[in-house]
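Q: Just passing along the structure, written as structure tokens.
The values are calculated or read from the model by the stated rules, or taken from the named source; none is laboratory data. Remember, it's a predicted structure, so these values are computed and weren't measured experimentally. Cβ: placed from backbone, ideal geometry, glycine included. Neighbour counts: every protein chain shown. Areas reflect the complete protein model, heavy atoms only, side chains present, ligands, DNA and RNA absent. Shrake-Rupley method; radii C 1.70, N 1.55, O 1.52, S 1.80 Å.
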Amino acid sequence: MTVELQEPVTDVPTAGGRSPGRRRWVVALLVLVLLGQMAAVMIITAVQQTPTIDEPVYVGTAVTYLEQHSLRYNPEHPPLGKLIMAAGLAVVQPRLDPAFRGDQSALGRHVLYQAGNDPYEMMFWARFPIILLTLLFGLVVFLFARDLTGPGGGLVALGLYAFSPDVVTHGSLATLDVPAIGFLLTAVWLTWRARSTRPVLWLGLAGVALGAAIGTRMSVLPAVPVVMVLAFLAVRKRGWPRAAGITVGVAVVAVAVVWLTYLAVDPRLRFLEPIGMPQVHGLRGLFVNLLPLPEPYRDGMRIQFGFEDSTFSGFLFGQRYEGSLWYYLPAALLVKTPLGMLVLWVAGVVSVLVVPRLRPAALYVLVLPALLLALAMTGARDFGTRYAIFLPIFLAVAAAGVVTLRWRWAPLAAGVLVVFVAVSSLRTFPYYLPYSNEAFGGPANTHLNLHDSNVDWGQDLGRLADHLRAEYPGEPVWLVYKGAGLPSAYGIEGRNPLRVPPADVHGLLVVSDSSVAKATGALKALLATSGEPVDEVGHSISIYRRR
């Protein structure tokens, strides 16, 4: 007996005699429960966290889209993600001084803290559309896994997605990582569905999703040739000429979507080349020049290549270093991925490769994340697992394959591991950003192993303000804060300890953990005479007492 890959191959374990209709209702209820809890924790997290380092730039740029229809700011990222944020921001009608002049970082500070807007309100409404998208991508994860393995596998995949600390973290921020990969996963799923029925419809929609992905973040461009191959394979039985024509059509649709995102901001595409534009030569320059995309997009790529040609400092397992390490991302993922999830990822990859009916799916759920991971490992920026956010999203689908293994306890084992993941994830609530698994000491110890968006991305400035008011009223505060927020806007009047001799620093010394991890010079000397922290906030900010 053969089974078509497009049809469910397993079902949800149910009591004897339960009707198929009732089983469907049980599955639907479980999907709602999983997405409901995910929505709840993301909304609470979004409300409690103050702006992370990247968010003010995106929010400020989104406001200029609304108010000025300008492509001037943040050219290194395409507009779609910020247009989505702008849809939420339109609810609060943000203010922007028409006379403002400054770079994109100054723009973010101006919009959030100087133009008369409420920063908490602004951040929530910028984040809210991203939260909605993240939930919709959860449905895609479920549907994709259900198509491969049946509803039982779909629930396993959705459980991993919904309880992934990285997905919850970045799905509740006004950033571009989750939207870009979510659109990419949607494109891949639609090419899978095109294998069976209505291929032209599904591939047309796949082109739209692919265009949305590259219209959100340029880092997904390497995935385009792979998606084109998948589109061709979906229709190859219709003959090579027709299949090739349909595949070209998918690419044309994707390119058209990117153009439309720029035209939606400014129909006249007015754009001035940014000052200091990096010069890109050789094959990279030829590639950029040949792209059939708007000039602002190609300038953004030049800026991204300039970043990749730069040298940044990193921090891994207690060691500060210059440059990048090829093994940084695998090591960081080992720290920040729940242990049960790691087991299911490995088991899922094995099942996709060894179960005959799942092998064709390897091209869809394994090749792309492997390609993107290999490229990310060669990047110049060792800033966090968000650069590999495609792994918890794609491998959640692959993990569904565990339920198809010829072992009677496989579905039960998968379910138990998902529960372990859920417990580990919920125990870190609401501090998802600094999550570490139990093998590395949990979120309280993440700062000992990693830095930047793995643990301390400036998200706890508001929590710090509340903590200082409650626990240390009236005490002098010396502040070294790594973030984009404005401390005084939250009632923190902290002085800079690096501008005075260490002997003059008395009272509370408050330091962001990323600054502690990469401390050099005056800050390193100051910390050496400050003893151990007496308190902490959000597992991302340490408080010392100097007498």
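Q: If we keep just the residues of region 305-331 that are part of a helix (DSSP H, G or I) and either basic (Lys, Arg) or at pLDDT 95 or above (or both), which is nearest to ALA212 (Cα to Cα)?
A: Of region 305-331, the ones part of a helix (DSSP H, G or I) are 305-308, 328-331.
This time we only want the ones that are either basic (Lys, Arg) or at pLDDT 95 or above (or both), so: 328-331.
On the way: TYR328: 29, LEU329: 26, PRO330: 28, ALA331: 30 Å.
Out of the qualifying residues, it is LEU329.
Q: Here's something else I'd like to know. Within region 89-110, take every residue that is touching an Asp or Glu at 6+ places or on another chain (Cβ under 8 Å) and assigned to a helix (DSSP H, G or I) and give me the one that is nearest to TYR73 (Cα to Cα).
A: GLY108
Q: A follow-up question, please. Considering only region 391-410, I want to know if a residue exists there that is closer than 24 Å to ILE303 by Cα, in contact with a Leu (Cβ under 8 Å, 6 or more places away or on another chain) and either open to solvent by less than 10 Å² (accessible area, probe 1.4 Å) or among the small types (Gly, Ala, Ser) (or both). Spell out the reasoning first.
A: The initial filter retains those residues of region 391-410 that are closer than 24 Å to ILE303 by Cα, namely none.
No, because not a single residue in region 391-410 is closer than 24 Å to ILE303 by Cα, in contact with a Leu (Cβ under 8 Å, 6 or more places away or on another chain) and either open to solvent by less than 10 Å² (accessible area, probe 1.4 Å) or among the small types (Gly, Ala, Ser) (or both).
Q: Select from region 482-509 the residues that are touching a residue at least 40 places away in the same chain (Cβ under 8 Å) and within 28 Å of the chain's Cα centre (by Cα) and write down the one among them that is nearest to ALA528 (Cα to Cα). Break it down stepwise before answering.
A: To start, the set of residues in region 482-509 that are touching a residue at least 40 places away in the same chain (Cβ under 8 Å) comprises 482-486, 489-490, 505-506, 508.
Filter once more, so that each one left must be within 28 Å of the chain's Cα centre (by Cα): 482-486, 489-490.
Numbers: LYS482: 19, GLY483: 23, ALA484: 26, GLY485: 27, LEU486: 27, ALA489: 30, TYR490: 29 Å.
Among residues in region 482-509 that are touching a residue at least 40 places away in the same chain (Cβ under 8 Å) and within 28 Å of the chain's Cα centre (by Cα), the one nearest to ALA528 (Cα to Cα) is LYS482.
Q: Looking for whichever is open to solvent by less than 10 Å² (accessible area, probe 1.4 Å), in contact with a Gly (Cβ under 6 Å, 6 or more places away or on another chain), within 28 Å of LEU486 (Cα to Cα) and modelled with pLDDT of 95 or more here; the options are THR61, THR45, THR52. Which one fits?
A: That would be THR52, the only listed residue that is open to solvent by less than 10 Å² (accessible area, probe 1.4 Å), in contact with a Gly (Cβ under 6 Å, 6 or more places away or on another chain), within 28 Å of LEU486 (Cα to Cα) and modelled with pLDDT of 95 or more.
Q: In addition: Output yes when any residue across region 415-431 is crowded, with 24+ Cβ neighbours inside 10 Å and assigned to a loop (DSSP other than H, G, I, E, B), and no when none is.
A: There is at least one residue in region 415-431 that is crowded, with 24+ Cβ neighbours inside 10 Å and assigned to a loop (DSSP other than H, G, I, E, B).
Q: Right, here's the next one. For SER219, state whether it is under 30 Å from PRO119 (Cβ atoms) and among the hydroxyl-bearing types (Ser, Thr, Tyr). Full working, then the answer.
A: Values: under 30 Å from PRO119 (Cβ atoms): yes; among the hydroxyl-bearing types (Ser, Thr, Tyr): yes.
It is true that SER219 is under 30 Å from PRO119 (Cβ atoms) and among the hydroxyl-bearing types (Ser, Thr, Tyr).
Q: Let me ask something additional. Condition first: over 20 Å from VAL505 (Cα atoms), outside any loop (DSSP other than H, G, I, E, B) and open to solvent by 30 Å² or more (accessible area, probe 1.4 Å). Now tell me which residues in region 472-492 satisfy that.
A: Step one: list which residues in region 472-492 are over 20 Å from VAL505 (Cα atoms), which gives 483-486, 489-491.
Still in the running and outside any loop (DSSP other than H, G, I, E, B): 489-490.
Correct list: ALA489 only.
Q: From ALA444, ALA525, grab the single residue that is within 17 Å of VAL537 (Cβ to Cβ) and either in a helix (DSSP H, G or I) or of a type in the set (A, V, I, L, M, F, W, C) (or both).
A: Numbers: ALA525 fails: within 17 Å of VAL537 (Cβ to Cβ).
After ruling out the rest, the residue left standing is ALA444.
Q: Still on this structure, please answer the following. Could you give every pair whose Cβ atoms fall below 7 Å, whose first residue belongs to region 359-373 and is closer than 16 Å to LEU210 by Cβ, and whose second residue is surrounded by fewer than 17 Cβ atoms within 10 Å (Cβ to Cβ), counting only separations of at least 6 or pairs across chains?
A: Here the result reads LEU371/PRO222; LEU372/PRO222, each pair linking region 359-373 to a residue that is surrounded by fewer than 17 Cβ atoms within 10 Å (Cβ to Cβ).
Q: Also, I was wondering about something else. What residue, of LEU316, LEU358, LEU291, LEU329, is open to solvent by less than 40 Å² (accessible area, probe 1.4 Å), more than 20 Å from the chain's Cα centre (by Cα) and within 25 Å of ALA519 (Cβ to Cβ)? Full working, then the answer.
A: Numbers: LEU358 fails: within 25 Å of ALA519 (Cβ to Cβ); LEU291 fails: within 25 Å of ALA519 (Cβ to Cβ); LEU329 fails: more than 20 Å from the chain's Cα centre (by Cα).
Answer to the check: LEU316.
Q: Moving on. Considering region 447-469 alone, what residues qualify as being more than 19 Å from GLY171 (Cβ to Cβ) and over 18 Å from the mean Cα position of the chain (by Cα)?
A: Selection gives HIS447, LEU448, ASN449, LEU461, GLY462, ARG463, LEU464, ALA465, ASP466, HIS467, LEU468, ARG469.
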